[in-house]
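Reviewing the structure listed below.
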């Protein structure tokens with residue numbers, strides 16, 4: 001490394017001497033890096049926000065009983081069978097051996113929460129009003145890890161004891177009820193029950209706020225005629241983007257229908273990946289123009305310094321040393337430019353977060369900054385490669401005579 | 001001959017080889033330089049002086065023939081080997097006192113040492129200061145080249161050429177660009193160097209007054225040495 005010291009000294013002296021060039025290309029790199037960092041952070045923030053809103057109220061993976069299908073008697077070879085088949089009506093069924101499945105899933109480290117749920121349709125009656133709802137029977141402490149209900153409560157208590165239910169704000173409004181009111185739940189199973197409203201939540205999705213009624217797992221089981229059974233197992237994973245592959249492996253293991261949020265929100269995922277693609281294109285093209293900027297400044301610099309390169313060669317500088325002097329200049333352009341650029345993007349993000357529309361918060365990840373600075377530095381070195389090679393290969397005799 | 005520094009044997013140099021305008025500039029030069037030589041290389045323009053000097057300085061390669069530096073044949077060396085040999089054994093002084101503008105006088109003198117060994121130690125710095133003192137510029141060591149007069153710059157260039165303690169100092173019309181007073185001073189400096197630093201000197205010059213003061217004169221005419229003494 002002691003060897004590289006001289007190259008550093010020469011590179012820095014050259015940069016300081018060509019102050020105006022250095023200043024301008026540094027600004028150019030800084031602008032490019034600022035755009036890249038700001039756009040990346042903006043899109044990261046936006047996507048994180050969209051995903052959080054989407055996933056805040058749903059499980060990452062749902063395990064369901066597979067649909068019942070008609071089994072056809074196999075026919076002998078060579079016989080054509082015409083079938084007029086009616087699809088079977090899907091009745092509410094419990095997942096077989098769900099306790100074992102839950103116990104097995106609890107062991108898996110890539111899952112952060114496992115919540116068995118019994119879910120089925122019901123009608124809510126209050127006076128003249130009837131509303132169709134989805135009963136969701138849950139174990140509170142397990143379900144809380146899937147959807148943090150306490151964050152969504154708008155009134156009442158978070159409690160689903162005996163004959164207590166939680167309903168959504170929209171449903172409460174439709175029925176004209178408040179905490180402490182009584183409603184009648186009818187599941188069409190010769191069973192209807194009067195329950196108390198313990199609390200009202202607002203998930204922020206109108207459909208859910210109008211339809212969801214949370215109650216205790218056992219109570220829901222008895223009301224839906226599925227004593228001891230569950231219909232869905234909700235899962236949460238540590239890394240949301242691995243949900244699909246985890247869902248597939250769990251689906252194969254358990255023989256259940258396994259749906260990841262990625263599959264059920266394919267529109268959203270398409271939008272997100274299209275957005276990521278366009279962001280990446282912006283980054284690549286800005287990066288390319290930054291690289292060309294550095295390369296052109298250094299090309300000019302090589303011409304301007306032809307004679308000095310010749311003198312250095314005559315005083316004992318090897319081709320490798322000259323090469324390194326110019327590669328270092330490229331690296332320094334990238335390094336300093338990206339440091340200023342990161343600072344500028346911090347300012348932009350601060351302005352956006354402070355004075356912007358306030359729809360979402362943009363975080364600037366440290367990994368993004370490290371990546372931006374190191375990528376810019378590497379880009380600088382690569383951009384410097386061609387001019388540096390030219391500098392190294394100058395014929396010292398001609399270089400010294402160059403005026 | 002034990003005190004031989006450089007020997008040129010049947011050295012030829014052609015340009016535009018293989019093309020219709022191929023031209024041979026040096027037609028077989030035989031020459032030996034010894035430790036205590038103080039030599040002037042004279043000749044009319046176009047006689048091949050600069051070409052010969054560049055070859056002797058390992059900046060350029062002969063088309064044929066051999067150049068021995070300290071008895072070592074150099075024609076088969078690659079660029080890196082020649083660069084290292086050049087940095088170690090040879091010092092250059094050019095007509096247009098080529099200094100690097102971005103560095104102070106002291107750093108210019110240090111440059112050959114830095115290129116050779118990396119970060120200069122105190123010994124190297126002391127040596128550079130001593131060399132600047134030897135050329136009478138110890139007080140101006142922090143000045144940039146553009147803050148020095150032509151004669152001062154040339155003296156810095158001479159100090160730089162001596163930094164690696166070379167065996168041979170090659171100077172291409174070192175006084176050609178100076179007024180006669182500065183030229184006298186610079187020439188006197190070369191003399192002093194040759195005696196104090198055990199360093200052979202070869203000057204290319206047009207000035208008959210200077211060549212007359214040298215111990216030995218090599219006349220180069222049309223790429224041939226005539227009546228070398």
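Starting from the Kirkwood radius over alpha-carbon pairs of the protein assembly as shown, derive D by Stokes-Einstein at 10 °C in a medium of 1.306 mPa s and give it in µm² s⁻¹. D = 49 µm²/s. Rounded to 0.05, the FRET efficiency of the residue A:386 and residue B:215 pair, given R0 = 60 Å and the Cβ-Cβ distance, is 0.75. Counted over the protein assembly as shown, the DSSP beta bridges are approximately 65% antiparallel.
Summarising the label geometry, the points placed 7 Å from Cα in the beta-carbon direction at residue B:139 and residue A:194 lie 11.3 nm from one another.
Dividing the mean sequence gap of close Cα pairs (under 8 Å, 6+ apart) by how many residues chain A holds gives a relative contact order of 25 percent. For the range B:1-103, what does the alpha-carbon gyration tensor say about shape, rounded, prolate or oblate, given a ≥ b ≥ c as the root eigenvalues, a/c under 1.5 as rounded, and a/b over b/c as prolate? Since a/c stays below 1.5, the shape of the range B:1-103 is classed as rounded.
With a 10 Å cut-off around each Cβ of B:48-58, the average count of Cβ atoms from other chains is 2.
Here the calculated FRET efficiency for residue A:158 and residue A:370, from their Cβ-Cβ distance with R0 = 41 Å, stands at 0.50, rounded to the nearest 0.05. The packing ranking of peptides A:161-169, B:179-187, highest mean first, is A:161-169, B:179-187, where packing means the average number of other beta carbon atoms within 10 angstrom of each residue. Structure remark: mean-square fluctuation, Gaussian network model of chain B, C-alpha springs under 10 Å; the largest value among B:12, B:49, B:139 belongs to B:139. Its Cα gyration tensor gives the range A:98-255 an equivalent ellipsoid; the semi-axes, largest first and in whole Å, are 29, 18, 13. Could you tell me which of rounded, prolate or oblate describes the range B:4-226, using a ≥ b ≥ c as the square roots of the eigenvalues of the alpha-carbon gyration tensor, with rounded for a/c under 1.5 and, failing that, prolate when a/b is larger than b/c and oblate otherwise? It comes out prolate by the Cα gyration axes. Computed over the range A:98-255, relative contact order equals 32 percent, with contacts defined as Cα pairs under 8 Å that lie 6+ residues apart.
If you take the Cα centroid of the range A:332-403 and the Cα centroid of the range A:1-75, the two points sit 15 Å apart. Relative to the longest principal axis of the Cα atoms of chain A, helix A:4-17 runs at roughly 80 degrees. Averaged over the residues of peptide B:107-118, the number of Cβ atoms from other protein chains lying within 10 Å of each residue's Cβ is 5. Helix A:243-254 and the longest principal axis of the Cα set of chain A meet at an angle near 40°. Between the C-alpha center of the range B:48-94 and that of the range A:110-149 there is a gap of 89 Å. Peptide B:100-106 has a mean shielding of 5, counted as Cβ atoms of other protein chains within 10 Å of each residue's Cβ. Note on chain B: GNM, Cα springs under 10 Å; of B:115, B:99, B:202, the largest mean-square fluctuation is that of B:115.
Counting only DSSP beta bridges with both residues in the range A:98-255, the antiparallel share comes to about 75 percent.
Taking 0.36 nm per residue of sequence separation and removing the Cα-Cα distance, the residue A:73/residue A:184 pair yields an extension gain of 35.4 nm. Given an 8 Å cut-off on Cα distances and at least 6 residues of separation, report the relative contact order of the range B:27-93 as a percent. Relative contact order, the range B:27-93: 21 percent. Of all DSSP bridge pairs formed entirely within chain B, close to 55 percent run antiparallel. Computed over chain A with a Gaussian network model linking Cα atoms closer than 10 Å, the most mobile of A:151, A:234, A:186 is A:151. When peptides A:26-33, A:287-294 are sorted by average Cβ neighbour count within 10 Å, with the highest value leading, the order is A:26-33, A:287-294.
Per residue of the protein assembly as shown, the DSSP helices (runs of n ≥ 4 H) give a summed -39500 (n - 2.57) that works out to -15500 deg cm²/dmol at 222 nm. Could you let me know the centre-to-centre spacing of the range B:2-35 and the range A:218-234, using Cα atoms, in angstrom? Comparing the Cα centres of the range B:2-35 and the range A:218-234, I get a distance of 102 Å.
Coordinate-derived values only; no laboratory data. Here the structure is a predicted model, which means the values were calculated and not measured. Quick reminder, even Gly has a Cβ in these numbers, built from the backbone with ideal geometry, and neighbours come from all protein chains shown.
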